Amino acid sequence: MAVASVYPNYRQPKMRWLPAVPEHWNEQRAKTFFREVDERSKTGQEELLSVSHLTGVTSRSQKNVTMFKAASYVGSKLCRPGDIVINTLWAWMAALGASRHVGIVSPAYGVYRPHHADSFNPAYLDYLLRTRAYVAEYIGRSTGIRSSRLRLYPNQFLDIALIQPPRPEQDQIVAYLRAQDAHIARFIKAKRDLIKLLTEQKLRIIDHAVTRGLDASVALKPSGIEWLGDVPVHCRIERLKWVCRFTYGDSLSDANRRQGNVPVYGSNGPVGMHDVANVVGPCIVIGRKGSFGKVNYSESDLFAIDTTYFVDKKCTKANIRWLYYVLIWCRLDRISKDSAVPGLDRTDALNTLVPVPDGAEQEQIAKQLDIETAEVNDAITKVEEEITLIREYRDRLITDVVTGQVDVRGWQPDVEDVVEDAVLAALGDDQEEMTEQEDDDDED
């Protein structure tokens, strides 16, 4: 049976920031359905959970990103299936969700338990609470001295109105949205696989130019390094520390950040704006913690925060653009220290051996790589934009369905509406744990 366009009758909810909802749906403040709980772990051995703005509450072991590791998790907050978990500091980014696990989260998080387990399908709440209308309400109710450090406290969350369809409708909404999510997740996975292939193609182009230069007829010599092989006879083999130095970025607390036109760079790239630069462009920014080893390039001045290293013209005599490609070739993300906060060790990175041509050839290699990688970069950007568009479509679809703008009561799954949790994992993102990482080191 097809999905109807609308419900037959609507009413205006008490909370004017909500759209008109189906006439028979309930609307009550969150405190009617939930209470705050503060159970603490005595052992710290329970499953460690992550709270993401994209995938809600999930097991941290399922994530493929590097995150903070505490020495002990004793005293962490316990949560149970059906609990709402909110990252108090990042509610404004929708870092919250309904837990499907027994596990532990940060003591700074809010945990809310239903008075009656059957009041809500937790997955329905998971969708509802991350819609833009609700996120806007969190922002409006949160308190803090700056927009990026707003905190949503328990009394503020519990005062927010929740819309409650009859439980059978909630279950149907969840089934429908999970089926649509499965289709969207397969699309995103296919696009990510394409990005991976394009990135590998780009790396092959960079690898060849960095190690062999541009002249295919040039005489070669053994580099003396097994994994590097032969290099042009005129190239020197030097440790990276003789080519450049990595300089630490500076601390920039949120309280000290002022609105301006200077990009602020964290380990994964731009993270905001400021009014003062600490690095003169052209320059390179390398992730030190978080997305460690990631290499970013900027022609303009910027502010590099203390989760990064940077290289500008004061740090090297080499061609900056050529050095950018060399650092990509170095695969710095493979160099890590096993510590509470894994990251890129500067000494280890600078001991990497690299082939170094003269300055004129460095410039030629950089210009040629700009040309040869431009098409691949454009293709990657186009695919990334397609992922962004499908995510925007998903956001709109979820909002329409969970607020009753679309009636899915008559929907029935077909053979293509297969839902597997492993497939839905693609709805996440390589950087989805940004909120937790920023919580832990308070910067990037």
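Matching residues to (1) over 16 Å from F246 (Cβ atoms); (2) surrounded by fewer than 16 Cβ atoms within 10 Å (Cβ to Cβ); (3) of a type outside the set (S, T, Y):
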position	(1), (2), (3)
G293	no, no, yes
F303	yes, no, yes
T308	no, no, no
Y324	no, no, no
T347	no, yes, no
L369	yes, no, yes
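Kindly provide the set of residues from the range 88-97 that are part of a loop (DSSP other than H, G, I, E, B) and more than 16 Å from R35 (Cα to Cα), ordered by number. Residues satisfying the conditions are L89, W90, A94, A95. Restricting the range 408-434 to residues that are within 16 Å of the chain's Cα centre (by Cα) and of a type in the set (D, E), the residue that is surrounded by the most Cβ atoms within 10 Å (Cβ to Cβ) is E433. All of (1) modelled with pLDDT of 90 or more; (2) under 22 Å from the mean Cα position of the chain (by Cα) hold for S119 with one exception: (2). Name the one entry in V376, V326 that is outside the structural domain of G287 (by TED's automatic domain parsing) and in contact (Cβ under 8 Å) with a residue 60 or more places away in the chain. V376 is the lone residue from the list that is outside the structural domain of G287 (by TED's automatic domain parsing) and in contact (Cβ under 8 Å) with a residue 60 or more places away in the chain. Look at the range 396-407: where a residue is crowded, with 19+ Cβ neighbours inside 10 Å and a partner is of a type in the set (K, R), sitting 6+ places away or on another chain with Cβ atoms under 9 Å, you get I398/R130; T399/R132.
Take the conditions β-branched (V, I, T), at pLDDT below 85 and either in a loop (DSSP other than H, G, I, E, B) or surrounded by 17 or more Cβ atoms within 10 Å (Cβ to Cβ) (or both) and apply them to T58. Does it pass? Yes; evaluated as a whole, the condition is true for this residue. The set of residues from the range 223-241 being in a loop (DSSP other than H, G, I, E, B), of a type outside the set (A, V, I, L, M) and more than 22 Å from Q368 (Cβ to Cβ) comprises G224, E226, W227. Output yes when any residue across the range 192-211 is surrounded by fewer than 13 Cβ atoms within 10 Å (Cβ to Cβ), outside the structural domain of V37 (by TED's automatic domain parsing) and in contact with a His (Cβ under 9 Å, 6 or more places away or on another chain), and no when none is. The answer is no, given that none of the residues of the range 192-211 is surrounded by fewer than 13 Cβ atoms within 10 Å (Cβ to Cβ), outside the structural domain of V37 (by TED's automatic domain parsing) and in contact with a His (Cβ under 9 Å, 6 or more places away or on another chain). One residue stands out in the range 256-290 among those that are in a loop (DSSP other than H, G, I, E, B), in contact (Cβ under 8 Å) with a residue 60 or more places away in the chain and surrounded by fewer than 24 Cβ atoms within 10 Å (Cβ to Cβ): the one that is farthest from the chain's Cα centre (by Cα), namely R257.
The range 123-222 holds helices (runs of 4 or more DSSP H) entirely within its bounds, and those carrying 2 or more residues that are touching a residue at least 12 places away in the same chain (Cβ under 8 Å), closer than 20 Å to L18 by Cα and among the small types (G, A, S) map to 132-141. Kindly indicate which of L302, L332, L323 is aliphatic (A, V, I, L, M), touching a Gly at 6+ places or on another chain (Cβ under 7 Å) and under 30 Å from D215 (Cα atoms). Answer to the selection: L332.
The values are calculated or read from the model by the stated rules, or taken from the named source; none is laboratory data. Computed from a prediction, not measured in an experiment: that's the story for all the values here. Neighbour counts run over all protein chains shown; Cβ positions are idealised from the backbone, glycine included.
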